[in-house]
Amino acid sequence: MDLSKYFVKATLIPAIIQDAASKKVLMLAYMNEESLQKTIETGYTWFFSRSRNELWNKGATSGHVQKVVRITGDCDDDTLLIEVEQTGPACHTGSETCFYQESLMVFGSEPEAEREETSALEELYQVVVERHCTNTENSYTCYLFEKGLDKILKKCGEECSEVIIAAKNASFLAGEEKRAALEDTKNELCDLLYHLTVLMVNEGIALDEINEILKERSRKIGNLKTFHSTDHNS
């Protein structure tokens with residue numbers, strides 16, 4: 001296959017990576033003729049890193065590989081659209097797509113009403129991801145990443161114990177004292193969720209992956225309830 005026509009204008013061309021099923025744009029990277037050839041030969045995406053000046057195989061380290069479904073050139077043969085089956089998140093930050101930032105501009109009527117509200121947990125996850133990618137001075141999150149998995153796991157264990165103690169203490173109280181104790185429990189739960197989020201980012205687990213598992217479990221629980229409410233003698 002002659003691939004040279006795609007590199008007449010430049011030695012590197014942009015490759016738009018799109019999820020074959022959802023049609024979401026996942027990322028944009030650059031290819032030279034060699035990386036395109038390796039993509040065709042292996043069936044998985046290879047790109048050329050402009051910063052490192054070398055080829056790289058998407059997902060070789062993280063396991064978040066892209067199995068190629070279709071490669072299409074544009075009308076000028078200087079851009080590629082590559083449809084893939086994505087394993088895990090496409091973005092190095094742990095997001096499903098690299099295009100997760102708030103829109104610079106939204107055209108059309110009432111964009112704010114149409115935009116889905118970002119949950120506090122999603123915002124927390126993105127902040128932790130940013131800390132993972134940068135070395136912010138005096139950042140507790142960066143400190144945890146620097147210390148590594150054992151430190152993060154230790155903190156998760158400590159926070160879990162504090163949640164148990166706070167909840168148990170609240171169970172013995174009543175009235176205003178119980179309300180105050182429940183506030184302590186809520187705060188301890190938030191501390192635990194924070195440290196679990198750090199663990200997720202450290203291990204390359206995307207929030208979307210957890211959401212999908214929870215949805216699947218919810219469907220199973222719903223089916224189980226239906227099963228038990230059915231007259232099995234009929």
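The values are calculated or read from the model by the stated rules, or taken from the named source; none is laboratory data. This one's a predicted model, so the numbers in the text were calculated from it and none came from an experiment. Cβ sites come from the backbone with ideal geometry, for glycine too, and all protein chains shown count toward neighbours. Side chains included, ligands, DNA and RNA excluded: accessible areas come from the protein's heavy atoms. Shrake-Rupley method; radii C 1.70, N 1.55, O 1.52, S 1.80 Å.
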Output for Cβ contacts, cut-off 8 Å, separation at least six or different chains, first residue touching a residue at least 12 places away in the same chain (Cβ under 8 Å) and at positive phi in segment 34-58, second of a type in the set (A, V, I, L, M) and open to solvent by less than 90 Å² (accessible area, probe 1.4 Å), reads Gly43/Val68
Name the strands (runs of 3 or more DSSP E) wholly inside segment 1-115 in which the number of residues that are among the acidic types (Asp, Glu) and either open to solvent by less than 90 Å² (accessible area, probe 1.4 Å) or closer than 30 Å to Thr197 by Cβ (or both) is 1 or more.
13-19, 54-57, 80-86
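Whether any residue in segment 208-225 is of a type in the set (S, T, N, Q) and open to solvent by 90 Å² or more (accessible area, probe 1.4 Å) is what I want to check.
As a first pass, look at segment 208-225 and keep what is of a type in the set (S, T, N, Q): 211, 218, 223.
If we keep only those that are open to solvent by 90 Å² or more (accessible area, probe 1.4 Å) as well, we get 223.
Yes, because at least one residue in segment 208-225 is of a type in the set (S, T, N, Q) and open to solvent by 90 Å² or more (accessible area, probe 1.4 Å).
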Starting from segment 169-180, take each residue that is touching a residue at least 24 places away in the same chain (Cβ under 8 Å) and list its partners that are surrounded by 13 or more Cβ atoms within 10 Å (Cβ to Cβ), counting only C-beta distances under 8 angstrom and pairs at least six apart or across chains.
none
